[in-house]
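Engineer: Following this message is one structure expressed as structure tokens.
The values are calculated or read from the model by the stated rules, or taken from the named source; none is laboratory data. Remember, predicted model here, so these are calculated numbers, not experimental data. FYI the Cβ positions are ideal-geometry reconstructions off the backbone, even for glycines, and counts take in every protein chain you see.
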Amino acid sequence: MDKVNIKKLAAELNLSAATVSRALRDSHEIGAATKARVMEMARKMNYVPNPSASNLRSHKSKTIAVIVPEIANSFFSQAINGIEEIARAHNYHVLIYQTHENVELENAFIRSLLSGRVDGILISIASGLNGERNFKDVLPVLPLIFFDRVYEDIEAIKITTNDYQSSYTATKHLVENGCKKIAYLKGIDHTPAGKNRIAGYIDALRDSDILFDDRLMIATGDEQQENPDLVKNLLLSQKPDGLIASIEDLALPCYYACRDLGLKIPEDVKIISFSNLKTAGILNPSLTTITQPAFEMGRTAAGILFKILNRKEVEPNQTLVLDSELVVRESTGSLTQPSPKERA
């Protein structure tokens, strides 16, 4: 007779494996009625816990893992600072892994971490399409929390920002400053964050009585050196009067392209970017940004993880949405006084 495992129990109960695992561990995240159902079915099916898996869960490595697409990105470096602040307060170490937008590499990291090397994982997913995700294998073994770029097809705790509203606000800001032909530079568009930003842009155009033109929405390259040429081709062929860079890595290519074509910012083209660049204010002209609460997002994600590790009550499967901020500077042609953030 095949040995009964958590997956078989979960299938019989029509519950997720993660829920069954937590119920068997008497987790505070699971209600009393569900725990009773799980324990009764475990008795009926003669379920015997895997001792080695139990040992992995009870062992404390005093280390957590952070998996991000890249450390050089200003957003992720600030988020990691927030995570490290909370980890230090709990006397924990932080291991950082870079996926470089590669899903297969992301999966390899996760497989290695299931060996008991860490007590929990914080992850912002890669935007690549080169592999299947295996996050459901993690939850029965380790706490897993998503931040910024989340994975929707799983029950887990997620911390993100208001990407749709931020993109909508950015587009409306350009319209209010005279733009009638706004181009959008796509990035991370296979993630929920990227899709929400595209939707915000399109809806803001519609609400401004501007017809959406798909020739003004371009896919950018995987290699940074090719993006200035892509932007130049867009500026030459479509002649937009506004540009929205959906990720930070596309901000400077917009400046390079305008420089090479002799276009003035903001007189000829207005530019706004999702960006946490600390140097945005000293670019010439200074860059208007949608700035995400990266440090606070890192602190929030880590704080929830440590509540779980310390068996404190948290709401399972919650999604927290933090607000980004429109920081108006010279590149959109509407700055008359320094913003409070610029003066600080």
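Engineer: Against the condition in contact with a helix residue (DSSP H, G or I) (Cβ under 9 Å, 6 or more places away or on another chain) and not hydrophobic (A, V, I, L, M, F, W, C), how does N134 come out, does it pass?
Structural biologist: Numbers: in contact with a helix residue (DSSP H, G or I) (Cβ under 9 Å, 6 or more places away or on another chain): yes; not hydrophobic (A, V, I, L, M, F, W, C): yes.
For N134, the condition - in contact with a helix residue (DSSP H, G or I) (Cβ under 9 Å, 6 or more places away or on another chain) and not hydrophobic (A, V, I, L, M, F, W, C) - is met.
Engineer: Restricting to segment 270-290, give me the number of residues that are free of Cβ contacts under 8 Å to residues at least 40 places away in the same chain and either in contact with a strand residue (DSSP E or B) (Cβ under 8 Å, 6 or more places away or on another chain) or under 21 Å from A79 (Cα atoms) (or both).
Structural biologist: Of the residues in segment 270-290, 2 are free of Cβ contacts under 8 Å to residues at least 40 places away in the same chain and either in contact with a strand residue (DSSP E or B) (Cβ under 8 Å, 6 or more places away or on another chain) or under 21 Å from A79 (Cα atoms) (or both).
Yes/no matrix, rows are residues, columns are (1) crowded, with 17+ Cβ neighbours inside 10 Å; (2) in contact with a strand residue (DSSP E or B) (Cβ under 7 Å, 6 or more places away or on another chain); (3) part of a helix (DSSP H, G or I):
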site	(1), (2), (3)
G200	yes, no, yes
R206	no, no, yes
D222	no, no, no
N227	yes, no, yes
N233	no, no, yes
D249	yes, no, yes
P253	yes, no, yes
A257	yes, no, yes
D268	no, no, no
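Engineer: What pairs come out if I take residues in segment 326-341 that are more than 18 Å from D241 (Cβ to Cβ) and pair them with residues that are at pLDDT 50 or above and of a type outside the set (V, I, T) whose C-beta lies under 7 Å away, six or more apart or interchain?
Structural biologist: Pairs that qualify, where the first residue is more than 18 Å from D241 (Cβ to Cβ) and the partner is at pLDDT 50 or above and of a type outside the set (V, I, T), are L326/A170; L326/H173.
For (1) in contact with a helix residue (DSSP H, G or I) (Cβ under 9 Å, 6 or more places away or on another chain); (2) closer than 15 Å to V175 by Cα; (3) outside the structural domain of P285 (by TED's automatic domain parsing), each residue gets a yes or a no:
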residue: Y201; (1), (2), (3): yes, yes, no
residue: S208; (1), (2), (3): yes, yes, no
residue: L211; (1), (2), (3): yes, yes, no
residue: D214; (1), (2), (3): no, no, no
residue: A219; (1), (2), (3): yes, no, no
residue: D229; (1), (2), (3): yes, no, no
residue: L236; (1), (2), (3): yes, no, no
residue: L250; (1), (2), (3): yes, no, no
residue: P253; (1), (2), (3): yes, no, no
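Engineer: Further question on the same structure: Where the second residue is aliphatic (A, V, I, L, M) and part of a loop (DSSP other than H, G, I, E, B) and the first is touching a residue at least 60 places away in the same chain (Cβ under 8 Å) and farther than 13 Å from L144 by Cβ and lies in segment 99-117, which pairs have Cβ atoms under 7 Å and are six or more apart or on separate chains?
Structural biologist: As it stands, the answer is E101/A126, since those pairs meet every condition given.
Engineer: Do we find that G281 is outside the structural domain of S124 (by TED's automatic domain parsing) and either crowded, with 19+ Cβ neighbours inside 10 Å or not in a helix (DSSP H, G or I) (or both) in this structure?
Structural biologist: Details: outside the structural domain of S124 (by TED's automatic domain parsing): yes; either crowded, with 19+ Cβ neighbours inside 10 Å or not in a helix (DSSP H, G or I) (or both): no.
So G281 fails the test.
Engineer: Between a first residue in segment 7-20 that is under 14 Å from F135 (Cα atoms) and assigned by TED's automatic domain parsing to the domain that holds I154 and a second residue that is β-branched (V, I, T) and assigned to a helix (DSSP H, G or I), which pairs have beta carbons less than 6 Å apart while being 6 or more apart in sequence or on different chains?
Structural biologist: none
Engineer: Taking segment 311-336, which residues are part of a loop (DSSP other than H, G, I, E, B) and among the small types (G, A, S)?
Structural biologist: Within segment 311-336, S324, G333, S334 qualify.
Engineer: Okay, next question. Within segment 81-115, can you find the residues that are surrounded by 18 or more Cβ atoms within 10 Å (Cβ to Cβ) and at positive phi?
Structural biologist: If the condition is that a residue be surrounded by 18 or more Cβ atoms within 10 Å (Cβ to Cβ) and at positive phi, then E101 is the only one that fits.
Engineer: On to the next question. Of everything in segment 135-180, what is over 20 Å from the mean Cα position of the chain (by Cα) and of a type in the set (A, V, I, L, M, F, W, C)? Give them in sequence order. Outline the logic, then answer.
Structural biologist: The initial filter retains those residues of segment 135-180 that are over 20 Å from the mean Cα position of the chain (by Cα), namely 137, 140-141, 171-180.
V141, L174, V175, C179, listed by residue number.
Engineer: Here is a further query. Which condition number does K312 fail, the rest of (1) within 21 Å of F147 (Cβ to Cβ); (2) of a type in the set (D, E, K, R); (3) free of Cβ contacts under 8 Å to residues at least 40 places away in the same chain being met?
Structural biologist: Result: K312 fails condition (3) only.
Engineer: A further question on this structure: Here is a list of conditions, (1) farther than 29 Å from I71 by Cβ; (2) of a type in the set (K, R); (3) without any contact (Cβ under 8 Å) to a residue 24 or more places away in the chain, and R259 meets all of them except one; can you say which number that is?
Structural biologist: R259 satisfies all of (1) farther than 29 Å from I71 by Cβ; (2) of a type in the set (K, R); (3) without any contact (Cβ under 8 Å) to a residue 24 or more places away in the chain except (1).
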